[in-house]
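K.L.:
Below you will find the structure I want to go over with you.
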Amino acid sequence: GLPNVGKSSLFNLLGESADAAAENYPFCTIDPNSTRCAVPDKRYGNLCDIWNPPSKYPAYLHLVDIAGLIKGASEGAGLGNAFLSHIQAVDGIFHMVRAFDNKEVTHVDDSIDPVRDMETIAGELCKKDLAYVKQQRENREKDVKKNPTMKLPPLFFTVMDKVEEMLENSQPLRNGCEWTAPEVDKINELIPGCITLKPTVYLVNISKKSFISGGNRFFIKIKEWVDSHGGGLILPFSIEFEEELAALKKNGDVDGEKALLEPLKGRGSVLPRIVKCGYKQLELMYYFTAGEKEVRCWTLAVGSTAPQAAGVIHTDFETGFIKLECCSYEDFISTNKGEKSMASVKAAGKYRQEGKNYIVQDGDICHFLFNKATGGKKK
């Protein structure tokens, strides 16, 4: 996002021991700050309550707070080239948009216009990608000229022409509806470093008053713009509200917290949803291991096989994989009776053995058997 839209403030609210500068002037953040936040999950909490182990390790979303971009960033304005390179290094983007009026919080363009701001950011990201794409194309075409036996396939020109046209019109490349499967493969081969390919969640920072009332005069225009620029998830929230709620919780002011939440009629902090959505947009999931010593979430890509899931724990688990013993979280809870064992789950016929082709599901409780490198079987 632009400077002064609330990026560092959100970073500090989400992160563990995060302490990024969040001052009321542009470019108070120069170097990227990083932290992590636990992914909220009642399933993990329930398993910890049942097993009560000394070691507990949730799933984490790793966050990077990157300085704000301004118009001309792709050409170096406002240290833009450095900031854009920081964005290239991440896996997904929270694009933060300011949709609140506050004379005490300066705006780099001196007025509040979320659509203009999103146009600015999208334009700079597309310009950065366009320069990268043209360089990659030039490199490939030079290689062909050096070697007469080489020939670029027609799909190369189809994809690169289409990519350049989209970027010249400030259209992000991540719109999956625009691409065939062969084109997607060619994009991943030729230009994997494009920023606008990254999954994006739009976070609309509104005032406390708007958050409580549930309305904002910019919402419709913001949605129309997002829908016409590749689509994406839009989450309205309020830094002003979240900071007040966090302060009340920190000070143990139960009455104040209750008074703040009461007008929301069952709604509450949006921070847990932001974390969950960010995690989901990266197409990540996790399985559990649970026992007397530890309850832990193990992060992996959606669609991973049992050996790949085992390899997240240790490469030896993957190379020596024999089988997976597992059950779903739901089956464990419905049959377990609160016991620190799988006995009731096995008795109910819900404990399964799976082979190397099994696709591990989100929330599976797993136990791997594998051959040690030195020979013999280990659980």
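The values are calculated or read from the model by the stated rules, or taken from the named source; none is laboratory data. Everything numeric in this text was worked out from a predicted model, so none of it was measured. For neighbour counting, all protein chains shown are included, and Cβ atoms are generated from backbone atoms with ideal geometry for every residue, glycine included. Accessible surface is based on the protein model in full, side chains and every heavy atom, while ligands, DNA and RNA are left aside. Shrake-Rupley method; radii C 1.70, N 1.55, O 1.52, S 1.80 Å.
K.L.:
Scan (1) in contact with a strand residue (DSSP E or B) (Cβ under 6 Å, 6 or more places away or on another chain); (2) of a type in the set (Asp, Glu); (3) buried (at least 18 other Cβ atoms within 10 Å of the Cβ) for the single condition residue 362 breaks and write down its number.
P.N.:
Checking residue 362 against (1) in contact with a strand residue (DSSP E or B) (Cβ under 6 Å, 6 or more places away or on another chain); (2) of a type in the set (Asp, Glu); (3) buried (at least 18 other Cβ atoms within 10 Å of the Cβ), the one that fails is (3).
K.L.:
Exactly one of these conditions fails for residue 231: (1) under 20 Å from the mean Cα position of the chain (by Cα); (2) in a helix (DSSP H, G or I); (3) touching a residue at least 12 places away in the same chain (Cβ under 8 Å); (4) surrounded by fewer than 18 Cβ atoms within 10 Å (Cβ to Cβ). Give me its number.
P.N.:
(2)
K.L.:
Just need a number here: residues in the stretch 187-209 that are open to solvent by 30 Å² or more (accessible area, probe 1.4 Å) and either aromatic (Phe, Trp, Tyr) or within 22 Å of the chain's Cα centre (by Cα) (or both).
P.N.:
Residues meeting the conditions: 4.
K.L.:
Can you pull out the residues in the stretch 13-49 that are open to solvent by less than 60 Å² (accessible area, probe 1.4 Å), outside any loop (DSSP other than H, G, I, E, B) and modelled with pLDDT under 90?
P.N.:
33, 35
K.L.:
Related question: Before we move on, is residue 344 open to solvent by less than 40 Å² (accessible area, probe 1.4 Å) and over 15 Å from residue 50 (Cα atoms)?
P.N.:
no
K.L.:
Is one or more of the residues making up the stretch 174-186 open to solvent by less than 50 Å² (accessible area, probe 1.4 Å), of a type in the set (A, V, I, L, M) and either touching a residue at least 24 places away in the same chain (Cβ under 8 Å) or outside any loop (DSSP other than H, G, I, E, B) (or both)?
P.N.:
Among the residues of the stretch 174-186, not one is open to solvent by less than 50 Å² (accessible area, probe 1.4 Å), of a type in the set (A, V, I, L, M) and either touching a residue at least 24 places away in the same chain (Cβ under 8 Å) or outside any loop (DSSP other than H, G, I, E, B) (or both), which makes the answer no.
K.L.:
Could you list, in sequence order, all residues of the stretch 44-61 that are of a type outside the set (Ser, Thr, Tyr) and over 16 Å from residue 275 (Cβ atoms)?
P.N.:
Once the filter is applied, which keeps residues that are of a type outside the set (Ser, Thr, Tyr) and over 16 Å from residue 275 (Cβ atoms), the stretch 44-61 yields 46, 47, 48, 49, 50, 51, 52, 53, 54, 56.
K.L.:
Taking helices (runs of 4 or more DSSP H) that fall entirely within the stretch 77-171, which contain at least 3 residues that are surrounded by 17 or more Cβ atoms within 10 Å (Cβ to Cβ), at pLDDT 90 or above and under 26 Å from the mean Cα position of the chain (by Cα)?
P.N.:
Counting at least 3 such residues, we get 114-146, 154-168.
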